[in-house]
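Student: The structure's right below; bear with me while I get my questions together.
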Amino acid sequence: MTRQADLLVLGAGPAGTEAALAASEAGLDVVLIDEQADAGGQGWRAPLSGLTLPRKGPDAEAGDALRARLAASRVDRRFGRRVWSIGGAFRLDAAGPDGPEAYQAPRLIAATGAHERVVPFPGWTLPGVIGLAGATVLLKAQAVLPGRRVVVAGSGPLLFAVAAGIIAKGGEVAAIVDMDNRLAWAKRLPGLARRFDLLKEGLGWTWSILGARVPFLAGYGVRRATGETELSSVIVGPVDANGAPADGTERSFDCDALAVGHGLVPGGEVPKILRADHFYDRLRGGFIPELDPFGRTTIENLYACGDGTGIRGARPSAAAGRLAGLAAAYDAERLDERTFDALAALSLKALADYRPFADTVAAAMALRPAQVAAITPETIVCRCEDVTRAEIDAAVDAGAGDINQMKHFTRCGMGPCQGRMCGDVAAELVAQRRGVPRDEVGFWTQRVPLRPVPFDTMIGTFDYADIPIPPPAPL
Amino acid sequence: MSLVRVTNGVTRPAAVTFDVDGVSVSAPAGEPLATALAVAGLLTLRDSPRNGAPRGAFCHMGLCQECVVSVDGRTVQACLTPVRDGMTVNLGGTLK
Ligand SMILES: Cc1cc2nc3c(=O)[nH]c(=O)nc-3n(C[C@H](O)[C@H](O)[C@H](O)COP(=O)(O)OP(=O)(O)OC[C@H]3O[C@@H](n4cnc5c(N)ncnc54)[C@H](O)[C@@H]3O)c2cc1C
Ligand code: FES
């Protein structure tokens, strides 16, 4: 059976949940769908059921408040549902706990969040190397340390969040390796200081890191990770302000885990599949949909919000979510213009207030072309298909002009992750090799399934009697 | 070497026991299988298709597919699969 509604919201992170709440408060029948067990998304993720932590951080508190409001609302909450297909205007198919499910509504809000970018280096495929954002999931939702002795490396604020998280939970950080030097962070202070509450959180992380006397290497990057069948050490070296390796001595750290990440990539599959217009924005993490100030895409009745529309962080995503929810309700004629304007004004102001902070943080997480340029030829770029940089370069030299041609030539991006882990870096490599702007090489042609699901889940059980047969034409 | 469960001040659901390539492993009910295996020292979940190199959970959020294993005969992502009492996990012969 297909659940009909006024509005479907895909993704129950800060953005999608706020969107669902705003639209539902305005009177729409809203279904909110997420594959996780509860709302909160990546940053405000709920701890595993039955797990209790001694202390709650600001993210856990923000998540709890959001979940409480959602529980008290009329939003139809469908958790544990993995949406694999999307079509029409608008139908979602999901793999649910009891099999296939379908949802349909005239309006859809895509709030699918972001995923992690790791710029490849030799050894990044060794067991024991994990993503920095993934490490936040282990720490926050599972109270699990990524290893006994962990190197934390990469760029952006998650670096400090993860290092401080490990220290707070009694773990050992072997070293923190930040691509940015101290000057870069000093230059960012004015932007960060625009949100004193968030700056304070960051300073708290810094204090705990200083207190633990962890070696802190600013202006360093990972050169390679080594080990036989599992990670055993990480070799780091200086990088310049653009992320390219610089002269200077390498240092090696023995460790059993490396948590590494170089920012986030917007995971906007839905607007891509539905053919909304997109553009490339390096600051915001990649190709993002063209939106009006309220989150309307170029496709009628399709809205998008949150980190999937460009990296901004949890709180701005929540504000953008409210705007999208209000816009959907207004477009459905459930809000009059005055009420809409008044309610939207609050969220527009919140979004503007966050902007300098969000831009500063996004800049620290944006892709650094010189870092990509320095990937060595033998380094695996596509983990699923073991495609190396040299093979990507060879494909471009043989005439692969855009990212999809390169995929056909090499199988890069053709594996089970569907290019989510390598796409951003692979496209950058193609653009650099051709010497053209990123826009020209495009992005993967997005197709269903959005997420892999077993075939029997897709087909489900059906009855021949359910197959619609059109009445015969009159003779 | 392995992931480590934080014990200090943390309470967890009761442990369940399941079978991994003939070896019995236990973990708190509901913990993601990828985590439970890594805590047990099983970081390598499969070999990569082309050069056969060892691979383990990488993204821990359901995207990279590096953690794909077989549970009760079905192919699943271990980082999204909660452990249950009596489940049978097959790592495709990579368990050492
Ligand atoms: C792994 C990870 C960890 C992070 N940790 C932090 C952190 O500790 N602190 C911080 O400030 N920021 C963190 N971030 C940044 C964070 O993404 C954002 O700032 C914030 O969560 C964005 O909110 P959102 O609502 O846009 O997206 P998200 O919070 O990412 O929510 C998107 C939701 O959509 C769901 N979804 C997507 N596709 C599907 C589908 N096909 N079917 C069903 N459900 C789907 C996901 O399950 C998810 O719950 C992290 C990001 C990542 C990727
Ligand atoms: S670890 Fe990436 S999908 Fe499970």
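The values are calculated or read from the model by the stated rules, or taken from the named source; none is laboratory data. The shown structure was predicted, so the numbers you read here are calculated from the model rather than taken from an experiment. Every residue, glycine among them, receives a Cβ derived from its backbone with ideal geometry; neighbour counts consider all protein chains shown.
Student: Which of (1) crowded, with 22+ Cβ neighbours inside 10 Å; (2) out of contact with any strand residue (DSSP E or B) (no Cβ under 6 Å at 6 or more places or on another chain); (3) among the small types (Gly, Ala, Ser) does residue A:193 not meet, given it meets every other one?
Tutor: (1)
Student: Please work out if residue A:267 is small (Gly, Ala, Ser) and either on the phi < 0 side of the Ramachandran plot or at pLDDT 95 or above (or both).
Tutor: Values: small (Gly, Ala, Ser): yes; either on the phi < 0 side of the Ramachandran plot or at pLDDT 95 or above (or both): yes.
Here the answer is yes, as residue A:267 does meet what is asked.
Student: Show me the strands (runs of 3 or more DSSP E) entirely contained within the stretch A:190-264 in which 3 or more residues are within 26 Å of the chain's Cα centre (by Cα). Please lay out each step first, then the result.
Tutor: Details: elements: A:216-218, A:220-226, A:233-238, A:251-254, A:257-262.
Once the strands (runs of 3 or more DSSP E) in the stretch A:190-264 are filtered for at least 3 residues that are within 26 Å of the chain's Cα centre (by Cα), what remains is A:220-226, A:257-262.
Matching residues to (1) crowded, with 19+ Cβ neighbours inside 10 Å; (2) acidic (Asp, Glu):
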site: A:251; (1), (2): no, no
site: A:259; (1), (2): yes, no
site: A:263; (1), (2): yes, no
site: A:269; (1), (2): yes, yes
site: A:277; (1), (2): no, yes
site: A:280; (1), (2): no, no
site: A:284; (1), (2): yes, no
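Student: Output the residues belonging to the stretch B:4-19 that are among the β-branched types (Val, Ile, Thr) and either more than 7 Å from chain A (Cβ to nearest Cβ) or touching a Gly at 6+ places or on another chain (Cβ under 9 Å) (or both). Spell out the reasoning first.
Tutor: Step one: of the stretch B:4-19, the residues among the β-branched types (Val, Ile, Thr) are B:4, B:6-7, B:10-11, B:16-17.
Those that are among the β-branched types (Val, Ile, Thr) and either more than 7 Å from chain A (Cβ to nearest Cβ) or touching a Gly at 6+ places or on another chain (Cβ under 9 Å) (or both): B:4, B:6, B:7, B:11, B:16, B:17.
Student: If you don't mind, another one. Scan the stretch A:320-335 for residues that are surrounded by fewer than 24 Cβ atoms within 10 Å (Cβ to Cβ) and in a helix (DSSP H, G or I) and jot them down.
Tutor: Of the residues in the stretch A:320-335, the ones surrounded by fewer than 24 Cβ atoms within 10 Å (Cβ to Cβ) are A:330-334.
Hits for the stretch A:320-335 are A:330, A:331.
Student: Considering only the stretch A:43-89, state which residues are aliphatic (A, V, I, L, M) and more than 14 Å from every other protein chain (Cβ to nearest Cβ).
Tutor: Step one: of the stretch A:43-89, the residues aliphatic (A, V, I, L, M) are A:46, A:48, A:51, A:53, A:60, A:62, A:65-66, A:68, A:70-72, A:75, A:83, A:86, A:89.
Result: A:62, A:65, A:66, A:68, A:70, A:71, A:72, A:75, A:86, A:89.
Student: Sort out which residues of the stretch B:51-74 are at the interface with chain A (Cβ under 7 Å from one of its Cβ atoms) and polar (S, T, N, Q), and write them in order of number.
Tutor: Passing the criteria: B:51, B:65.
Student: Let me ask something else about it. Out of the stretch A:1-16, which residues are surrounded by 24 or more Cβ atoms within 10 Å (Cβ to Cβ), more than 7 Å from ligand 1 (Cβ to nearest atom) and not in a strand (DSSP E or B)?
Tutor: Taking the stretch A:1-16 first, the residues surrounded by 24 or more Cβ atoms within 10 Å (Cβ to Cβ) are A:7-16.
Then drop every residue that is not more than 7 Å from ligand 1 (Cβ to nearest atom), which leaves A:7-9.
If the condition is that a residue be surrounded by 24 or more Cβ atoms within 10 Å (Cβ to Cβ), more than 7 Å from ligand 1 (Cβ to nearest atom) and not in a strand (DSSP E or B), then no residue fits.
Student: For residues in the stretch B:26-45 being in contact (Cβ under 8 Å) with a residue 24 or more places away in the chain and more than 10 Å from every other protein chain (Cβ to nearest Cβ), which is surrounded by the most Cβ atoms within 10 Å (Cβ to Cβ)?
Tutor: Here the residue is B:37.
Student: If I filter the stretch A:147-162 down to residues being more than 20 Å from the chain's Cα centre (by Cα) and crowded, with 24+ Cβ neighbours inside 10 Å, which single residue comes out as farthest from residue B:80 (Cα to Cα)?
Tutor: Residues of the stretch A:147-162 more than 20 Å from the chain's Cα centre (by Cα): A:147-151.
From what's left, crowded, with 24+ Cβ neighbours inside 10 Å: A:147, A:150-151.
Values: A:147: 20, A:150: 23, A:151: 25 Å.
Among those that are more than 20 Å from the chain's Cα centre (by Cα) and crowded, with 24+ Cβ neighbours inside 10 Å, it is A:151.
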